[in-house]
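Before anything else, here's the structure in question.
The values are calculated or read from the model by the stated rules, or taken from the named source; none is laboratory data. Remember, it's a predicted structure, so these values are computed and weren't measured experimentally. Counting neighbours? That spans all protein chains shown, and the Cβs are built from the backbone with ideal geometry, glycine included. For the accessible areas, the whole protein counts, side chains as well, though only heavy atoms, and no ligand, DNA or RNA atoms are used. Shrake-Rupley method; radii C 1.70, N 1.55, O 1.52, S 1.80 Å.
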Amino acid sequence: MKTKEELIDQLLDLAFAEDLGDGDHTTLSTIPADAMGRSRLIIKEDGILAGVDIAEKVLHKVDPSIKMEVFIHDGEEVKKGDVAFTAEGPVRALLIAERTMLNIMQRMSGVATMTRRYQDELKGLHTRVLDTRKTTPGMRMLEKEAVKIGGGTNHRIGLFDMILIKDNHIDFAGGIEKAIKRADDYCRENGKNLKVEVEVRSLDDIRRVLAHGGVDRIMFDNFTPEQTKEAVALVDGKVETESSGGITIENLRQYGEAGVDFISVGALTHSVKGLDMSFKAF
């Protein structure tokens, strides 16, 4: 299995392959090979900064000699007009790296900003906001990193690091109990030490899960805040609890006040506007 760093490196290779092709002919034709210069990353709207560490990887992938001076770090609040960092080196390299770096930083900062907004709605509560697998293909590692930078919590990274038994699994398996048992048998037979979460659609489903055992977390699917409060009381701390489905920024706190441990929000990564910024010579 590839590491996070290997996946990010592959993403950068693909990003440059689709953007650069056989060369940046505008830059190659207008900028002398020996020209040196400086650029700065200028923030154009308020938010949470994310992707500074990745920006350095992008710049150094084009030219390892580029030097960065960082003024604002990942996870810090930024305002319009702030300068996050400067970069100095061959002008051709700065221009070639510009768009790929901005695409990644704008996306990550948008995710971090959205996550901070959601988590702030739960101030004073123990409830944590979770991301989902509703991510941009190829950018999952970066988007999930941005969720952490924004103050949220990662759910499973993919299909490989947790067992999440959802409604389709239950229906195809022939019921909740059968699905849980098969998951338990699978882990034991294959030497897997994976947390098991199961999705439920009613209070009766919760009773069945608790009676059977063998799970670490129960996900309440499309419960109302009132139903969630009943569900949390029914679970009574025996396992972790999570709310999912139909949750917006407007009703988020109601779910948190119902006592649930986690709230998963697909909007953190699938409905995000990038944070506006630019990379300008100075």
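Quick one: helix 203-212 against the long Cα principal axis of the chain, what's the angle to the nearest 10°, folded into 0 to 90?
80 degrees
Which residues among region 214-242 fall inside the zone where the amide N is under 15 Å from a point 7 Å beyond the Cα of Glu257, along Cα→Cβ?
What the label zone holds, given the 15 Å backbone N cut-off, is 225-230.
Write out the GluC sites (Glu not before Pro) in region 205-270 meeting two conditions: DSSP loop, and at most 10 other Cβ atoms within 10 Å of their Cβ.
For GluC sites (Glu not before Pro) across region 205-270 that sit outside H, G, I, E and B with at most 10 neighbouring Cβ atoms in 10 Å, the list reads Glu250.
Using Cα atoms only, what is the angle between the long axis of helix 91-120 and the major principal axis of the chain, expressed in degrees (0 to 90) to the nearest 10?
30 degrees
If you take the C-alpha gyration tensor of region 110-263, multiply each eigenvalue by 5 and take the square root, what semi-axes do you get, largest first, in whole Å?
Over the Cα atoms of region 110-263, the ellipsoid semi-axes are 26, 21, 12 Å.
Can you tell me which of 209-217, 149-157 comes out highest on packing, and rank the rest after it, using the mean Cβ neighbours within 10 Å?
Ranking the peptides 209-217, 149-157 by packing returns 149-157, 209-217.
Please give, to one decimal in nm, the separation of the simple spin-label points placed at Ile249 and Ala173, each 7 Å out from Cα toward the Cβ.
Result for the modelled spin labels: 3.7 nm.
What full-extension length gain, to one decimal in nm, is calculated for Asn222 and Arg133 as 0.36 nm per residue of separation minus the Cα-Cα distance?
Value of the extension gain: 30.3 nm.
Using +1 at the C-beta of Lys and Arg and -1 at the C-beta of Asp and Glu, which of Ser109, Asn154, Tyr255 has the Cα lying farthest in the positive direction of the dipole of the chain?
Highest projection toward the positive end goes to Tyr255.
Still on this structure, I have one more. For a protection proxy built on the mean count of beta-carbon atoms within 10 angstrom, sort 165-172, 110-117, 17-24 highest first, please.
Per-residue mean Cβ counts within 10 Å order the peptides as 110-117, 165-172, 17-24.
Modelling each spin label as a point 7 Å along the Cα-to-Cβ direction, I'd like the Leu125/Asp276 distance in nm, to one decimal.
Inter-label distance under the simple model: 3.2 nm.
Ignoring ligands, DNA and RNA, please state the percent of accessible area on the chain from carbon and sulfur, probe 1.4 Å.
Roughly 49 percent of what the probe reaches on the chain is carbon or sulfur.
Still on this model: With +1 on the Cβ of every Lys and Arg and -1 on the Cβ of every Asp and Glu, and nothing else charged, how large is the dipole of the chain about its Cα centre, in debye rounded to the nearest 20?
120 debye
Just one of [x] 0.99; [y] 1.21; [z] 1.13 is Cα Rg over 2.2 N^0.38 Å calculated from these coordinates, so which is it?
[y]
What do you get for the angle between helix 4-20 and the principal long axis of the chain? Use alpha-carbon atoms, 0 to 90 degrees, nearest ten.
In the chain, helix 4-20 runs at an angle near 50 degrees to the longest axis.
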